[in-house]
Amino acid sequence: MEVYFGQAIKNQQLYAQKKILEMLGDRLILDSWESSIGQGITGVCEGSILEKGVVSTSTIEADALPIAATQIRPFLAGLPFHVEGISIVMHPNNPWVPTAHANIRKFSVKLGSGENFKWYGGGFDLTPYKPIKEICQMWHRNTKEYLDSFDDRLYFDWKKQCDEYFYLDHRNEARGIGGIFFDDYIGHEIYDEKMIIGLIDLFFDMFFNITSTLMDRSYTDDDKKFQEWRRGRYAEFNLLKDRGTQFGLKTQGRI
């Protein structure tokens, strides 16, 4: 199944590149890399609509799983592992367009018995600078409808995890309006892979719809200053709390 998952996320990266060019007129530049523990394709956009956008895929394989990779199964730390995923963040130029973030990843650890133990992590969230009620409602409604089509227990559980995860405790402040977040998800033998990959398709549908609706709205200097101030909080969260950032640093991946 690793082949299917890996090819699917590469196809999603190419879709993003095409959509960013066709809809926004910006270019996502793809750069392949290799290291002693893996390989990947980093996609970076610095354009007029997307001030900074990243859509990157990676595959890492090494002898010792970092503890940051799994909080509820510490007994897996130190075992040989394989992980592949896609990571996305979109920082718009226009403050009317929210910052959006998404990622999915698939872990596989080789147990002492020789069997592979797999699980998934990921999610997506939205950070508006000028919130619009209807768009915020759409974000959550579409997400719930998608997950309910597989398992009606997932949305509220993953939404709660998102609200708790993307929160700066020392500031008593949420990063945005949330979305979903899941870690250490073993999944369902029938639909897990399809459902997880489909989350990125859903994310792109919602993000590009929101962007096309709002990207031409006028804004003030104060709007831009507020956006930049809130981005500082975004960076603060990534440096202080983000497990993906910690994992990338500990595996010497390209981050």
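Before moving on, here are some points about what is shown:
- In region 132-170, the qualifying residues are those that are part of a helix (DSSP H, G or I) and among the hydroxyl-bearing types (Ser, Thr, Tyr), and the one that is modelled with the lowest pLDDT is Tyr165.
- Scanning region 70-89 for any residue that is under 19 Å from Asn238 (Cβ atoms) and surrounded by fewer than 19 Cβ atoms within 10 Å (Cβ to Cβ) turns up at least one such residue.
- Taking the criterion of being assigned to a helix (DSSP H, G or I) and either closer than 29 Å to Ile67 by Cβ or touching a Ser or Thr at 6+ places or on another chain (Cβ under 8 Å) (or both), the residues of region 207-243 that qualify are Arg230, Arg231, Gly232, Arg233, Tyr234, Ala235, Glu236, Phe237, Asn238, Leu239, Leu240, Arg243.
- Gly112 passes every criterion in (1) without any contact (Cβ under 8 Å) to a residue 40 or more places away in the chain; (2) surrounded by 18 or more Cβ atoms within 10 Å (Cβ to Cβ); (3) not acidic (Asp, Glu) apart from (2).
- Residue within region 192-199 that is small (Gly, Ala, Ser) and under 22 Å from Asn94 (Cβ atoms) present: no
- Residues in region 28-64 that are closer than 30 Å to Leu111 by Cβ and more than 18 Å from the chain's Cα centre (by Cα): 11 in all.
- Test for Thr251: is it surrounded by 16 or more Cβ atoms within 10 Å (Cβ to Cβ) and modelled with pLDDT under 85: yes
- Filtering region 212-242 to residues that are surrounded by 11 or more Cβ atoms within 10 Å (Cβ to Cβ) and among the β-branched types (Val, Ile, Thr) leaves only Thr213.
- The residue that is nearest to Asn93 (Cα to Cα), among those in region 17-53 that are β-branched (Val, Ile, Thr) and buried (at least 18 other Cβ atoms within 10 Å of the Cβ), is Ile49.
- Of the residues making up region 115-131, those that are part of a loop (DSSP other than H, G, I, E, B) and buried (at least 18 other Cβ atoms within 10 Å of the Cβ) number 2.
- Within region 133-148, being exposed (fewer than 15 other Cβ atoms within 10 Å of the Cβ) and free of Cβ contacts under 8 Å to residues at least 24 places away in the same chain holds for Lys133, Glu134, Gln137, Arg141, Glu145, Asp148.
- Residue that is farthest from Pro128 (Cα to Cα), among those in region 158-184 that are surrounded by 15 or more Cβ atoms within 10 Å (Cβ to Cβ) and out of contact with any helix residue (DSSP H, G or I) (no Cβ under 8 Å at 6 or more places or on another chain): Gln161
The values are calculated or read from the model by the stated rules, or taken from the named source; none is laboratory data. Computed from a prediction, not measured in an experiment: that's the story for all the values here. Positions of Cβ are backbone-derived with ideal geometry, glycine not excepted, and every protein chain shown enters the neighbour counts.
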